[in-house]
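The values are calculated or read from the model by the stated rules, or taken from the named source; none is laboratory data. On a predicted model such as this, the values are computed, not experimentally measured, just so you know. When we count neighbours, we look across all protein chains shown, and the Cβ atoms used for this are built from the backbone with ideal geometry, even at glycine.
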Amino acid sequence: MTKLNSKVPKGPIKDKWTIYKDKIDLVNPANKRNIDIIVVGTGLAGGSAAATLAELGYNVKAFAYQDSPRRAHSIAAQGGINAAKNYQGDGDSTYRLFYDTVKGGDYRSREANVYRLAEVSTNIIDQCVAQGVPFARDYGGLLDNRSFGGVLVSRTFYAKGQTGQQLLLGAYSAMNRQIARGKIEMFNRHEMLDVVKVDGKARGIIARNLITGEIERHSAHAVVVASGGYGNVYFLSTNAMGSNATAAWKIHKKGAHFANPCYTQIHPTCIPRSGDYQSKLTLMSESLRNDGRIWVPKSMDDVMAIREGRKKPTELSEDERDYYLERRYPAFGNLVPRDVASRAAKERCDAGYGVNATGEAVYLDFAAAFERYGKEQAKIHNITDASEAKIYELGQAIVEEKYGNLFQMYEKIIDENPYKTPMMIYPAVHYTMGGVWVDYNLMTTIPGCYCIGEANFSDHGANRLGASALMQGLADGYFVLPYTIGDYLSDDIRTGKIPTDTSEFDEAEKEVTERINFFVNNKGTKSVDYFHKKLGKVMWDKAGMSRNATGLNEAMVEIKAIREEFWKEVSVPGTAKEMNLELEKAGRVADFLELGELFAKDALERNESCGGHFREESAEIDGPQKGEAKRNDNDYAYVAAWEYKGEPSEAILHKEELEFKDIELKQRSYK
Ligand SMILES: Cc1cc2nc3c(=O)[nH]c(=O)nc-3n(C[C@H](O)[C@H](O)[C@H](O)COP(=O)(O)OP(=O)(O)OC[C@H]3O[C@@H](n4cnc5c(N)ncnc54)[C@H](O)[C@@H]3O)c2cc1C
């Protein structure tokens, strides 16, 4: 049994971070030059951390499996990044951002971390603007904002539909400055395959050079894992194809606890699945819900007519449409949080109202926005006799300006023009709120091993609000870790270089090499993807949007069977001493096959519905509250951490002591 200690500092929540920073141990600039830090992952979290740590004077070694930090999955982020700047003067504040995030996460996040996140959110925007990130601006030249789900203010900063890419270019240029100074040594196309512990502390990693196949040893005084989320455990997700759990899973197996592994975000606005031979799902940014209205036909006759091609959606009158989110949640309408919107879409489709051939699609319709913006533009340009077509054209131009690249992407994939007919959308796996357990310092349960960004669990509880993952990744990397890690490293100023010719490195390298050799020599009969797809189907069917005890028990048995077959029958062509994508995938899928079972076990133990976890037995039958959190008041900061030793072992449940009880703890309601 491990006792978890969140190390949340004492004091009122709004002062915790300030008091903490004032008291924290520091490393002086001269000593920083003698300290090495490994950062695994150079997406927004790892890239910002690497750049800042190097700027502070530490020697950083940064690792990524892509050929450049610019290709991290963070580049895919479309919609925006939150910050409590209150530029709109619409009542935003640090407290409101904190409150929305905690409430949006069904009171399952660690409040102290979330308050700190809300506090530093404003610094992120200043930092990124200083780096030259081209955030959208309004007519007067000020930074513009839009709204995302689960909030009643506009606090989302954006760069068209490419916010992640622009932020990543900012972090990348900050990193490049340090690479040029020699303060960051960048290891592209390197995959961390194990962490090395010396005297219980993380002191290095074993990495494979993905081009030559060489196995390398790297040492440091601390290791930071920023390896992103594990949504690809479902095979199909909106994540980049390469996103994986290996780095997080390896540290887990060496002693870093996992928390809430089953909390997965199923995003409501994705392009529906088209069939069985698909390897990727595509997100349509949540920002589209600012202007798009979600509906299905009211009558089953219309549903059938649309599916059979006898009617077009545009032929249905307003009366014949069910704008079910606006009907059920009038205050938030189409901008309810993601979990609520996803469950509502599934509910309508399960009831038979899905509008495509598979019955798994609802409409996202911009006709009202075209008209609204068109009329406004006609007024602005003094066009008094604008025809319907002219108004439409004017409105379309505004929508195109805001979301043009998303409309283009939709048309390319679906081959339908979304300016002429409503988009079809359906929920898809998107983000993992669960992850590696970290304390207030972002340190895992392995001393000296930190975890930041999507890979950790702390800030989003059971459901992440839109545009808050980029905020968290950059908060962790630019503003939190660079402080907290100094507190730990201040004990290491006399340690000196960590040698790599030790038994600990020998042992870790041996394990990694043996596994690689197994894969290339196994000569089984089935491809890696065969097993990944099989796992994904079990995960989606039995541990997906809605879950029940029978299905979860079956999932655990089935995943175990897939894992056993995998180790007998997996086939990896090629050799270990070359670039070998199948070999890379084999290692990652092997880890997913363990994580998947733990995931199902966590979901089974969690007899409740909350956020992305919709437990069928505990859901209410009808009404706006359907599937909302079932929570007892003492339970809101509950963390489940698990140890995995081949077989899932007993859960270690831990209730954290919280001092902040100000939040009115009531069932979340978006009526
Ligand atoms: C389509 C899409 C759109 C999104 N849009 C938004 C949005 O608008 N706003 C928002 O807030 N969030 C959004 N998100 C979520 C957000 O993009 C991610 O949560 C965030 O970018 C994750 O950043 P990260 O730095 O933690 O991880 P990543 O960007 O995934 O970076 C992971 C890094 O780790 C490296 N890595 C991983 N494993 C290893 C290993 N074993 N060895 C070496 N290197 C390794 C990778 O090479 C990479 O550099 C979106 C997500 C998706 C899927």
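What to note about this one:
- Matching residues, the range 432-466, being modelled with pLDDT of 95 or more and within 9 Å of the ligand (Cβ to nearest atom): T432, I452, G453, E454, A455, N456
- So I425, is it part of a strand (DSSP E or B) and either surrounded by 20 or more Cβ atoms within 10 Å (Cβ to Cβ) or away from the ligand (no atom under 12 Å from the Cβ) (or both): yes
- Any hit, the range 473-485, residues being part of a loop (DSSP other than H, G, I, E, B), within 14 Å of the ligand (Cβ to nearest atom) and either β-branched (V, I, T) or farther than 23 Å from V133 by Cβ (or both): no
- Scanning the range 195-209 for residues that are more than 9 Å from the ligand (Cβ to nearest atom) and crowded, with 23+ Cβ neighbours inside 10 Å returns V195, V196, A202, R203, G204, I206.
- I75, sole failed condition from (1) of a type in the set (A, V, I, L, M, F, W, C); (2) over 30 Å from I206 (Cβ atoms); (3) within 16 Å of the ligand (Cβ to nearest atom): (2)
- Comparison of T212, T238 shows that the only residue that is within 14 Å of the ligand (Cβ to nearest atom) and of a type in the set (S, T, N, Q) is T238.
- Looking across A64, A50, A84, one residue alone is within 16 Å of the ligand (Cβ to nearest atom), surrounded by fewer than 24 Cβ atoms within 10 Å (Cβ to Cβ) and among the small types (G, A, S). It is A84.
- Residues of the range 116-150 that turn out to be within 15 Å of N86 (Cβ to Cβ) and among the small types (G, A, S), as a count: 3
- Scanning the range 268-287 for residues that are within 12 Å of the ligand (Cβ to nearest atom) and either among the aliphatic types (A, V, I, L, M) or more than 30 Å from N456 (Cβ to Cβ) (or both) yields a total of 4.
- If you check R110, R70 for being away from the ligand (no atom under 16 Å from the Cβ), closer than 21 Å to A226 by Cβ and in contact (Cβ under 8 Å) with a residue 12 or more places away in the chain, only one passes: R110.
Matching residues to (1) surrounded by 24 or more Cβ atoms within 10 Å (Cβ to Cβ); (2) within 13 Å of the ligand (Cβ to nearest atom); (3) outside any loop (DSSP other than H, G, I, E, B):
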site	(1), (2), (3)
R217	no, no, yes
V224	yes, yes, yes
V233	yes, no, yes
I266	yes, yes, yes
R289	yes, yes, yes
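- Residue check for E558: surrounded by 17 or more Cβ atoms within 10 Å (Cβ to Cβ), over 20 Å from G612 (Cβ atoms), out of contact with any strand residue (DSSP E or B) (no Cβ under 8 Å at 6 or more places or on another chain) and free of Cβ contacts under 8 Å to residues at least 40 places away in the same chain: yes
- The residues of the range 253-264 that are surrounded by fewer than 24 Cβ atoms within 10 Å (Cβ to Cβ) and within 15 Å of the ligand (Cβ to nearest atom), listed by number, are K253, K254.
- Tally, over the range 120-174, of residues that are within 28 Å of L56 (Cβ to Cβ), over 20 Å from the mean Cα position of the chain (by Cα) and assigned to a loop (DSSP other than H, G, I, E, B): 4
- Single match in K375, K402 (criterion: within 16 Å of the ligand (Cβ to nearest atom) and part of a helix (DSSP H, G or I)): K402
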